[in-house]
1. So which residues in the range 257-297 are within 23 Å of P316 (Cβ to Cβ) and among the hydroxyl-bearing types (S, T, Y)?
2. Any residue that is over 20 Å from K294 (Cβ atoms) and modelled with pLDDT under 90 - is there at least one of those in the range 255-262?
3. Yes or no: L559 touching a Cys at 6+ places or on another chain (Cβ under 9 Å), aliphatic (A, V, I, L, M) and touching a residue at least 24 places away in the same chain (Cβ under 8 Å)?
4. Is it fair to say N231 is in contact with a Lys or Arg (Cβ under 9 Å, 6 or more places away or on another chain) and open to solvent by 10 Å² or more (accessible area, probe 1.4 Å)?
5. Name, by its number, the condition in (1) exposed (fewer than 13 other Cβ atoms within 10 Å of the Cβ); (2) modelled with pLDDT of 90 or more; (3) outside any loop (DSSP other than H, G, I, E, B); (4) polar (S, T, N, Q) that does not hold for Q345.
6. Among the residues of the range 418-434, is there at least one that is within 20 Å of the chain's Cα centre (by Cα), closer than 30 Å to I112 by Cβ and assigned to a loop (DSSP other than H, G, I, E, B)?
7. Across the range 541-557, what is the total count of residues that are among the hydrophobic types (A, V, I, L, M, F, W, C) and either surrounded by fewer than 22 Cβ atoms within 10 Å (Cβ to Cβ) or not assigned by the TED database to the domain that holds L382 (or both)?
8. What tally of residues in the range 435-478 results from selecting those that are open to solvent by 20 Å² or more (accessible area, probe 1.4 Å), assigned to a helix (DSSP H, G or I) and among the β-branched types (V, I, T)?
Amino acid sequence: MGIKGLQGFVATVCPDVCRTVDLREMAEKHRIDHPDFPPVIVVDAMSCVRYWYTPESWVCGGQWREYLAILEDFIKAFMAAGIKLVFYFDGVVEEKKRDEWIKRRLQNNKEIARIFQFIKTHRKQPGRGMFVVPSALPTFTRFALKSLGQKTVCTLQEADFEVAAYGLQHNCIGILGQDSDYIIYNTCPYFSIEKLRLDRLVTVMYSREDLCRVLGLSLTHLPLFACLLGNDVVPESLLEGFWRKCLVTSPHKNNSYSRRANIILAVANYISRVPCSYSSLKHLKEMLPLGSDKTLLYRGVESYLLPGQQSPWIPPNLRSCQTFSLQEQTAMCQDKEIFQLAKEQHIRSENYTIFNILSSGETECSNSLEDECDTEIPGQALIYRPARQHIYSVLLESGKGGANPLVKEWFVYFGNPLQQPELIQPVQPSVPGGTPNLKTLWFAKGPDVEKQRYSTFLACFHLQDGMEELQALEAPVAGFCCLLAYLMMQVNSLSLEDLNAFVAVILCLKGKSAAQLAGLQLAQVDSRAVHLGAVFVRGLTTLLMANSACGFPFRMDDLMPWEVFDGKLFQEKYQQSHQGCSLEELLEGNESLYAPFHNLKSFIFKACMAQKRTIQSRPRGNGFITGTQQREFNPRFQQTHRSSFVPPYHNQMRGFLWRNPQPQGKK
């Protein structure tokens, strides 16, 4: 997560460290010097997503088709210059960084509360100064890049280490990202995504050699320098006293600089006078209030040492030999074949969170754009928990004679202080014929197993009785129906108007280009629709988890948001629906959508009725209506939507949404 203030210090105090470079020229030089190896840039994708997401609208749930087109253009620009990209994503939150992760999540909660306050006051999206990435953007970016043919890696440890190691080992022309840790690692050059001009492939390179020259340090000093400034291993709170001592003796103090800039100069001055040796680090350790953990500095320095690298600060016999085999020995899953496949799929970005559960029994979910003041809609973490409990049961094969392991969840939602993980009990889903074991779901072949995969997936969402109807649909629509039916069952405050809006989105989205969706203008933004958009998109990640656990009854590409959702389009349909527009207006005058609209709703009504859930009309007009203002039907909707309330299940799913449309005269 970087060293606080270092990037800004480099830009303002020693701008010579920032060199403008032409990536095309660097690629050409690489081709001359290494004719047998194409030029490669390794991309720290997690630090790039906020720069990639440039669609104007970001609060409504995500402009996914626009975003997909942006990623495609990004890749094409590098391909045109003959540069190969390799994308890395964080696959874990390491235990040593959990406290920092929690701190950031709680800070994000405050930022999100301010965003909702702004939307309610002004009925529009805040300016880019308050920007937060749409919910689940990193997750879907990973699958988007994979679908665009890119090499995409999900890490087994913190991504910055694996990125730096890959860059060094594969002689990459550089790392593209925005994380000051890349100034510290002794690896290939570090390029800024923030400063990148895609049309010219020009950016800023941060030269660690020049930084060392300015500060009077060597490359060997940099890991210790980072630790003494405070990083993810050594907290700043332990360093205040040390900084004060450094400031007193520093000859470089400049009143025109910020305190942080002066601390950086003072710490560099101190380190430059310390001999590079193990005994020096031992002496330094005694100056710091490290408490019971005397190994903190060693671990901090060591965290920057890439494979094959040594440090004079740490004797070779003190290097910790952390291997992945330890994780394998303590894994929740003791079946080596299953564990190995889950690990391989994780690294190749083919599954979602499954490996984390099988290896450590721990999983997390970051912030979502949810309104903590809306008590009618539970946090998405709670809405999807019953489904996750079924998924955990499928993965850990609970209830089959062995122990019932608990899963540790770090899920952000209002009211969760994140002081410790929540311990979640797996719950067996009601699969007709019983839940198949994981070996069957993952390795067996044949039509019977395909049916078992599908029925187990549906059972995770309490839809095991809807298999025949769902299999008749196009796969993205079937996935959408699973999620929407589950959502309507779980959240009693969701109304007929909400259902109409969601169903209209998937029907009207079909055939719309990224440019058409970008051109859609909203007169205002409704805060409740913002919340529902985030909840829905998080639900798609739950579909991905279930799909991964059940042996992929769906292609992952069919469960992606650009197939089934658009934030602005949902805002428009939500507002139209709650203002009582006609069916004709809601479906944009396309009469061929009327039957699919009623049929999809009919399926969801049937699923809800099986769970004793009645969907009521509850129009909110132009603003929020409290729970007391509830009536059964909106009269303006009643005429055009009458057939959607009662009809039995005749002729369902016919036409537009069939996998293989049947000729109209045949029954």
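The values are calculated or read from the model by the stated rules, or taken from the named source; none is laboratory data. All of these numbers come straight from a predicted model, not from anything done at the bench. Here Cβ is always computed from backbone atoms with ideal geometry, including for glycine, and neighbour counts include all displayed protein chains. To get the accessible areas, we keep the full protein, side chains included, count just its heavy atoms, and leave off ligands, DNA and RNA. Shrake-Rupley method; radii C 1.70, N 1.55, O 1.52, S 1.80 Å.
1. Within the range 257-297, S277, Y278, S279, S280, T295 meet the criteria.
2. So far as the range 255-262 goes, yes, one or more of its residues are over 20 Å from K294 (Cβ atoms) and modelled with pLDDT under 90.
3. So L559 fails the test.
4. yes
5. (1)
6. For the range 418-434, residues within 20 Å of the chain's Cα centre (by Cα), closer than 30 Å to I112 by Cβ and assigned to a loop (DSSP other than H, G, I, E, B): present.
7. Total meeting the criteria: 3.
8. Final tally of qualifying residues: 1.
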